[in-house]
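Single-structure report; data block below.
The values are calculated or read from the model by the stated rules, or taken from the named source; none is laboratory data. Since the structure is predicted, the reported quantities are computational estimates derived from the model, not experimental observations. Reconstructed Cβ throughout: ideal geometry from the backbone, glycine too, with neighbour counts over all protein chains shown. In case anyone asks, the SASA skips ligands and DNA or RNA and just uses the protein heavy atoms, side chains included. Shrake-Rupley method; radii C 1.70, N 1.55, O 1.52, S 1.80 Å.
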Amino acid sequence: MGHDAPPRWDRRMQQRLAHGEAAALGELYDRFASLVHSLAYRVLDDEDAADRVTREVFGYIWEHPDSYDPKQGPLRSWVAGITRHQAVQRLRQTEAASARDCGPDAPAPAEIEEKIREASTAARADFIVTSMPAPLRAALELAYFQRRDYRQTAADLGVTEDEARRRLRLGLQLLSTAHNHQALPPAQRSAAAPRSGSASPHAPHAPRGPRPPHTQHTGPGTSAPPGGPGHGRSL
C-alpha cells in the first residue's frame, strides 16, 4: 500500500545513496542491519547464511538505490522485502542442493516449496509484529503469545476489556496478512541484476507462525557494511 508522504529521512537517505555517499550506507547499516539479519535468520535458521544475506542485501542497496520508490512505502519495508526475497532464494538453493545429495530419499518438490513458504511467512509475520503500533503489539503478545484472556490482558494494559479486544482484533488482522503473500516462484527474478554478479533480490511482500518479538535474533555477525572490491561502486 502506498504512502503519499514518506518520512523525509527516507527520501534524503535515498538521495545520498544515489550520490554514492558511503557514510549514508553506514548509517543505513547501523539502522537496519539487525532487522535484516533477524529476518534472514528467521528464514534460513543458519547464522553464517544470515550473515551472507545481510552483506548481499546492503550490497544490493548500494548498487541499486534508485530501485526504492518512496511512494510505495517506507524504506524499512523496502529493505525488509529485499531481505525476505534474498533469504528465500538462498533457502531454495540450499534445499535444492540438499535434495540432490539425498537422491531417491529427497523430499518431494511440493514439500520443499511448503517449507520455503512457511519460512517466508514466518519472516513476514515477525516483521509485521515488530512494525505494528506498540499498543497493538503489547495486546498481541499478552493474549496471543502469553495466552492471557481478555480480562487479564485488559488489566495488564490498564485498559477496558472492550479496548483490549479491539487492539487484539486489529493486531491479529495485521498478522493475518503475512499468510496472504507467497514466496516468489523459482523463475521470477528482479529485472536489474547487481553489477557485482550476486543474486538479484527484489522487494516482494514474500515472507512459519510468528515468533514473539522478544525472542527474535538481534544482531548480525558482521560489524561493518559491505563495500569495496566486492561491489561495482567503490566506497
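With the simple spin-label model, which puts each label point 7 Å out from Cα in the Cβ direction, the residue 71 to residue 106 separation comes to 4.4 nm. Sorted on the mean count of surrounding Cβ atoms within 10 Å across their residues, most packed first, peptides 146-153, 47-54 read 47-54, 146-153. Take the Cα of residue 160, step 7 Å toward its Cβ, do the same at residue 27, and the gap between the two points is 4.4 nm. Per-atom-type breakdown for the stretch 59-180 gives carbon and sulfur 50% of the accessible area (1.4 Å probe, protein chains only). The residues of the stretch 7-50 expose on average 47 square angstrom of accessible surface per residue, using a 1.4 Å probe on protein heavy atoms.
Farthest toward the positive end of the dipole of the stretch 45-146, out of 87, 130, 146, is the Cα of 130, where the dipole comes from beta carbon charges about the Cα centre. When only Cα pairs below 8 angstrom with a gap of at least 6 residues are kept, the stretch 34-132 shows a relative contact order of 38 percent. In terms of its C-alpha gyration tensor, the stretch 90-156 comes out prolate, because a/c is 1.5 or above and the ratio a/b outweighs b/c. With a/c under 1.5 counting as rounded, go ahead and sort the stretch 1-130 into rounded, prolate or oblate using the C-alpha gyration tensor (a ≥ b ≥ c being the square roots of the eigenvalues; past the cut-off, prolate if a/b is larger than b/c, else oblate). Prolate shape, in that a/c is at least 1.5 and a/b is the bigger ratio.
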